[in-house]
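Following: one structure in structure tokens, then a few remarks.
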Amino acid sequence: MRVVKKQPERPVLITNAARSPGDQLRSRKIRYVSMMGLRSLCLIVGAILISVKPPLLPVWLIMCAAGMVLLPWMAVLIANDRPPKSQANPAAPQPRPQRVLEQESAEDLKARTIDVEP
């Protein structure tokens, strides 16, 4: 009698499957929080630069101000953006290919023509 060892069940790997909505949302949240953290860092660096007064202070302050203004806008756009639809899961139904009509003879066309007398 043979003893068959049962292997543990493993999930099947589907390489072309889309990520789950929860996983997508989690990654978008992480991106949003990291970008907003970078914005906070720009605010803190700007405050430190004002107290230290390094050379080219206006240039550094403009860069920090640009980061504080542009990062929230970019963070919201990136956080609300979903990955593009794949070919396997299109956003809209694809049009059917047009059938090519066969060439019909003149007799077939005449037989199908309906003449209406005035």
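Only the coordinates and a few stated rules stand behind these numbers; no lab work does. Keep in mind that what you see is a predicted model, and the values were worked out from it rather than measured. Virtual Cβ from ideal backbone geometry, glycine too; neighbours counted across all protein chains shown.
Using a simple spin-label model with pseudo-atoms 7 Å out from Cα toward Cβ, Ile44 and Val69 lie 2.4 nm apart.
Please give the direction-averaged projected area of the C-alpha convex hull for the stretch 42-82, in square nanometres with one decimal. Intermediate results must be reported in sequence, preceding the final value.
Values: hull surface 11.5 nm².
Projected over every direction and averaged, the Cα hull of the stretch 42-82 covers 2.9 nm².
Inter-label distance, Ile62 to Asn80: 3.0 nm, where each label sits 7 Å from its Cα along the C-beta direction.
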